[in-house]
1. Condition (residue is among the small types (G, A, S) and touching a Ser or Thr at 6+ places or on another chain (Cβ under 8 Å)) applied to the range B:88-96: is it met by at least one residue?
2. When A:I288 is evaluated against the numbered criteria (1) within 24 Å of the chain's Cα centre (by Cα); (2) at pLDDT 80 or above; (3) not polar (S, T, N, Q), which criterion, by number, is the only one it fails?
3. Which residue, of A:A187, A:A156, is touching a Cys at 6+ places or on another chain (Cβ under 9 Å), in the same structural domain as A:I18 (by TED's automatic domain parsing) and either closer than 21 Å to A:G9 by Cβ or part of a loop (DSSP other than H, G, I, E, B) (or both)?
4. Being closer than 17 Å to B:I21 by Cβ, assigned by TED's automatic domain parsing to the domain that holds B:I35 and at pLDDT 95 or above narrows it down to one residue among B:G96, B:G100, B:G134; which is it?
5. Take B:D33 and decide whether it is of a type in the set (D, E) and under 24 Å from the mean Cα position of the chain (by Cα).
6. Tell me which residues, restricted to the range A:254-292, are in a loop (DSSP other than H, G, I, E, B), among the hydrophobic types (A, V, I, L, M, F, W, C) and either touching a Lys or Arg at 6+ places or on another chain (Cβ under 8 Å) or touching a residue at least 40 places away in the same chain (Cβ under 8 Å) (or both).
7. Looking at the range B:7-42, which of its residues are touching a Phe, Trp or Tyr at 6+ places or on another chain (Cβ under 6 Å) and within 13 Å of chain A (Cβ to nearest Cβ)?
8. Of the numbered conditions (1) buried (at least 21 other Cβ atoms within 10 Å of the Cβ); (2) more than 14 Å from every other protein chain (Cβ to nearest Cβ); (3) in contact (Cβ under 8 Å) with a residue 60 or more places away in the chain, B:A187 satisfies every one except a single condition; which is it?
2 protein chains.
Amino acid sequence: MNVVQKYGGTSIDSVEKIRAIAEHIASIRKEGDGIVIVASAMGKTTDELIALAKQMGEEVPKRELDALLATGEQKTVALLAIALQNLGIPAVSMTGFQSGFITTDQHSKARIKEINTERTEQFLKEGKVVVMAGFQGISEHGDITTLGRGGSDTTAVAIAAQLGWDCEIYTDVDAIFTADPKIYPKAKKLDRITYEEMMELSASGAGVLETRSVELAKKYNVRLFIGKSLETDKRKGTYVMNESIFIEDMPITGISISDDCSIYSMRGMENDGVAVAGLFQLLADLNINVDMISKQTYGDNKCTVSFSCTDAQSRDLDKAIEANEVLKQINIEKQANLSILSLVGVGMATCSGVASKVFSILAQEGIMYYQITTSEISISVTVSKDEKIKAVIALCEAFGL
Amino acid sequence: MNVVQKYGGTSIDSVEKIRAIAEHIASIRKEGDGIVIVASAMGKTTDELIALAKQMGEEVPKRELDALLATGEQKTVALLAIALQNLGIPAVSMTGFQSGFITTDQHSKARIKEINTERTEQFLKEGKVVVMAGFQGISEHGDITTLGRGGSDTTAVAIAAQLGWDCEIYTDVDAIFTADPKIYPKAKKLDRITYEEMMELSASGAGVLETRSVELAKKYNVRLFIGKSLETDKRKGTYVMNESIFIEDMPITGISISDDCSIYSMRGMENDGVAVAGLFQLLADLNINVDMISKQTYGDNKCTVSFSCTDAQSRDLDKAIEANEVLKQINIEKQANLSILSLVGVGMATCSGVASKVFSILAQEGIMYYQITTSEISISVTVSKDEKIKAVIALCEAFGL
């Protein structure tokens, strides 16, 4: 069987774990199998390198930061290849440029333009396990780039797409659940989930897979598997695949929770388009990822714009508002310490009454909810962080999750 | 002025020292200067990475070790480029493959085949300081290679040769001295030394510069300067240049000392060429660097072969001799804990009587000397380690060093 396996984060944070992964690969590998391993940096390495860079001065130029961060994965893959060879498994490490990941030159958030797999395929043909550094590539000018946080998932899915192989993402959770088992212990393990649902769950904080990698898997129809590192029983994990493969009769597949969220409501803004555009430009300049957005218009060409961001980002925003002549004039309300609950399910699109059910459950429980946004396959509401657990339990039980 | 500067070892072993080097470069740089900085890994990084690799198993494949070790320099150059940019100096880091160092594919001891400086020259044209990772390159197949221990000096000299620039090697010693000032405090600082003398001194343990880099500098006529990191007064350092540039009236330029040496004398070997060749093949297989070699023939087609190696290597050799049917039969004498003293000077070639003066001084002082070897510009003798200091002082005073 040919497969791309990705190991990251805490599953690869010590020399002992690298050796354990090598032993695991040696134990599952059969004659003739094609195996590509994508590895990320060891545990906290990336954070440590960023801290080191900051000691060099206030400004950290992104080209240099990328060159620095790329050493993290390069170190892991060399060590893993050494461990594999010591178990008698022929293996070679490959950095981003060696594995032909040509990207745009947007340092720290480069996008893959093309993957030249010539060398990878040559190594595979020679019967070698290819151990590929995740997260990194090279621009057309020959500069080292990185794909941004969580980019190793993207590396794994992209190489799987290019080779036409399945992709297994190994991490420190067992599988995808209907809700976080730490909050709702009765949450059910999902055997399968669609790409769309996984994207909504990832985007709204489930944190197991980066949204972008799921998007890529959907686009190139790469069958994804998510499981716990070193676990061999596939029944314990979750497959992410196309909706058409199976029929889901529950309207809701899962709930994700995103904590430490702030909501701003800007009242009485000019409804001329210019003011609102200016506001979102300001947010973009501050590098604030806005999640929920809503706008309501009322008489006299005025509007109210609401949006959410993380509590941490709201501190930068408060400072910027204070310094902005236009925004200073506006009546701004801010709520902090909120949690966003997102109910996700492809069944929702064809199943009416989900929204009203959500609202009535929260009302029954006496839980206040604030901002609401919806998509074709999801409903998100914000509640006070204190009421989060109560809300999750009530919703899980009502929807049979 | 255009210059290649190399910083290595203890001069670059902390974030503080990287920042200090950046400040130093910022202070010396003038408008229009072309500067290439070659940096090695921070302090003990290389040793730490080797230790990490050994934790992966008994065998450390060289291709993977090279990929692992290359991260050390990559980290330093990225940090140094960040520090420079924070001081307002435009700077870019470059790894071995980015700076176009194409090498042979002999991992861990690759040799440079060609240097493609296109990108480097482009950056220099844009007024940027180029911060280049020393010690590393890339093979024609695209594998990461390293040039072997001390290879950053070679990187610096090679890029200087290619650009036609001078090369300054900054380290933790002030300059080259006639003898080690720790042993002979009255040793004189050398303002200038020839390539040949520097090569002899390096080969016989002066340890400031790798022999290979001096060889390269001589071949391409690169003017070398050796000085203490961050020191701006060039008068405190040493220039290495061609003999023809100046006339040296002292027969001896300096003395170098190499400690912990063992000498083997193999008596009664067959003088058929085969036995001696077999012995040196055994030494090569054990990776033993033989320094002094001498062979004397006597009646009945027998010969005595003597050679030196380090005390540490002699332990491997003793085991190998024990296991070798032929060598076991031979009468072998071994002396350990010796020091090799090498007197070096281009003036020696044209100045007779140097050897006899050396022997008579040692005899006057009652110092026993053993193996002797000579070259055109050097005389080496071994003495007991206990008598080393006495011998160095006597020779320095006699030759006015």
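The values are calculated or read from the model by the stated rules, or taken from the named source; none is laboratory data. If you're wondering where the values come from, they're calculated on a predicted model, not measured in any experiment. Cβ coordinates were reconstructed from backbone atoms using ideal geometry, including for glycine residues, and neighbour counts include every protein chain displayed.
1. Of the range B:88-96, the ones among the small types (G, A, S) are B:88, B:91, B:93, B:96.
If we keep only those that are touching a Ser or Thr at 6+ places or on another chain (Cβ under 8 Å) too, we end up with B:96.
Yes, the range B:88-96 has at least one match.
2. Failing condition for A:I288: (2).
3. Values: A:A187 fails: in the same structural domain as A:I18 (by TED's automatic domain parsing).
None of the others qualify; the one that does is A:A156.
4. Details: B:G96 fails: closer than 17 Å to B:I21 by Cβ; B:G100 fails: closer than 17 Å to B:I21 by Cβ.
Checking each option against the conditions leaves just B:G134.
5. Numbers: of a type in the set (D, E): yes; under 24 Å from the mean Cα position of the chain (by Cα): no.
Spelling it out, it is not the case that B:D33 is of a type in the set (D, E) and under 24 Å from the mean Cα position of the chain (by Cα).
6. So in the range A:254-292, the residues in a loop (DSSP other than H, G, I, E, B) come out as A:271-273, A:286-292.
Filter once more, so that each one left must be among the hydrophobic types (A, V, I, L, M, F, W, C): A:286, A:288, A:290, A:292.
Within the range A:254-292, A:M292 is the sole residue that qualifies.
7. B:I21, B:A39
8. Tallying (1) buried (at least 21 other Cβ atoms within 10 Å of the Cβ); (2) more than 14 Å from every other protein chain (Cβ to nearest Cβ); (3) in contact (Cβ under 8 Å) with a residue 60 or more places away in the chain, B:A187 fails exactly one: (1).
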